[in-house]
Every structure is written in structure tokens, then in C-alpha cells.
Amino acid sequence: MALPAMMSAFAQAWTATHAMDGMARQPEAAGEIRNSLFLPLAFMEALTLFSFVIALLLWLKI
């Protein structure tokens, strides 16, 4: 469980870092960049939650 959570945190940080770089380079596009950032972050978080559910199911042997 720790590995998927760690990789998800790394991916989210990497994505946010590059989004901030893009906003710093093109401040006029900051709104579009920020809005398009939410969907990938939600997918990354969903994968973390799915891995938690799978780990829980394996632990409970369901």
C-alpha cells in the first residue's frame, strides 16, 4: 500500500510543479492550466484509492 501512495504523491507533485512552471511562464493562461490540472489530479487520487481498496480486500481475503 505504501508504494502506490508514494508514487501517487510523487506524480501529483510532479504534475503540480510543471503546472506552476507553465503558469509562471504564461500568466495569461493560468486559468486554463489550473482548470485542466484538476482532472489528472483526480485520476491520480482515484488510482490511490483503488489500490487501497484492493489492499483492503486482499488483507480481509474477500
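No lab work stands behind these numbers, since they all come straight from the coordinates. Just so it is clear, the structure is predicted and the values come from calculations on it, not from any experiment.
Solvent-free Debye calculation, one equal scatterer per alpha-carbon of the chain: log10 I(q)/I(0) at 0.22, 0.23, 0.24 Å⁻¹ equals -0.84, -0.88, -0.92. The angle separating the long axis of helix 30-60 from the principal Cα axis of greatest extent in the chain is about 10 degrees.
Each Cα pair under 8 Å and six or more residues apart adds its sequence gap; the mean of these over the residue count of the chain is a relative contact order of 47 percent.
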